[in-house]
1. Answer with yes or no whether Phe22 is loosely packed, with under 13 Cβ neighbours inside 10 Å, without any contact (Cβ under 8 Å) to a residue 24 or more places away in the chain, in a helix (DSSP H, G or I) and over 18 Å from the mean Cα position of the chain (by Cα).
2. Of Thr154, Thr135, which residue is among the β-branched types (Val, Ile, Thr) and in contact (Cβ under 8 Å) with a residue 40 or more places away in the chain?
3. Kindly indicate the residue of the range 25-62 that is touching a residue at least 24 places away in the same chain (Cβ under 8 Å) and of a type in the set (D, E, K, R) and also farthest from Gly101 (Cα to Cα) among those meeting that condition.
4. Tell me, yes or no, whether the range 37-53 has at least one residue that is out of contact with any Leu (no Cβ under 7 Å at 6 or more places or on another chain), within 18 Å of Thr135 (Cβ to Cβ) and buried (at least 17 other Cβ atoms within 10 Å of the Cβ).
5. Given Gly68, Gly84, Gly78, Gly34, which one is part of a helix (DSSP H, G or I), of a type outside the set (S, T, N, Q) and touching a Pro at 6+ places or on another chain (Cβ under 6 Å)?
6. Quick one: in the range 120-177, of everything that is in a helix (DSSP H, G or I) and among the basic types (Lys, Arg), which residue is modelled with the lowest pLDDT?
7. Can you say whether Gly96 is of a type in the set (Gly, Ala, Ser), surrounded by 13 or more Cβ atoms within 10 Å (Cβ to Cβ), touching a helix residue (DSSP H, G or I) at 6+ places or on another chain (Cβ under 6 Å) and modelled with pLDDT of 90 or more, as far as the supplied structure shows?
Amino acid sequence: MFNRINDRLVYVLLAVAALLTFFLSFLVVADVIGRVVFNSPVKGTPEIVSMSIVVICFLLAGYSVQSGSMLQADILVGLFGARGPLISALLSGVLGAAFFGLIVWGSYEPALHAWNSGEFEGEGALRIPVWPARTVVMFGSLLVAIIYVGQAVTAARGLIAGTVPELPRSPGSAGPL
């Protein structure tokens, strides 16, 4: 059940990131046309784009890990023999969960501060609130940490049982994970 809920959440976030990217492309085109043709750019475009890039990256992070699209050095995995993929999945799960857990821990207070103080990015005509981006960073990192923990648990079970469970595989890899 956890995997089904997690899969749906990851795909919803992927769709939100795709829509945000789609609308962001129209904003950038409108800004360029306004700047070149009318000598009047769309106000706030740099602030919106900079915040949106951060949001898009952390919305996509869960999908990247869930689908096995993260970078992997196959030659190092091969050094551990038949159990290499499980050892690699266990190590990457533990290290990934620790790394993204530290991001969650380090981003909690800044997100709370941005919400409480009404922190904004930008000057002049358009000021963008910072709290949505900080909240997405924290939520996206938490989701990725949970996915990594799940992968580490699956790999540990496989190592203990001596079986090779179905682990995520990068789309371009040729051999077994």
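1. Spelling it out, it is not the case that Phe22 is loosely packed, with under 13 Cβ neighbours inside 10 Å, without any contact (Cβ under 8 Å) to a residue 24 or more places away in the chain, in a helix (DSSP H, G or I) and over 18 Å from the mean Cα position of the chain (by Cα).
2. That would be Thr154, the only listed residue that is among the β-branched types (Val, Ile, Thr) and in contact (Cβ under 8 Å) with a residue 40 or more places away in the chain.
3. So the residue we want is Lys43.
4. yes
5. Gly34
6. Arg157
7. yes
The values are calculated or read from the model by the stated rules, or taken from the named source; none is laboratory data. Here the structure is a predicted model, which means the values were calculated and not measured. Virtual Cβ from ideal backbone geometry, glycine too; neighbours counted across all protein chains shown.
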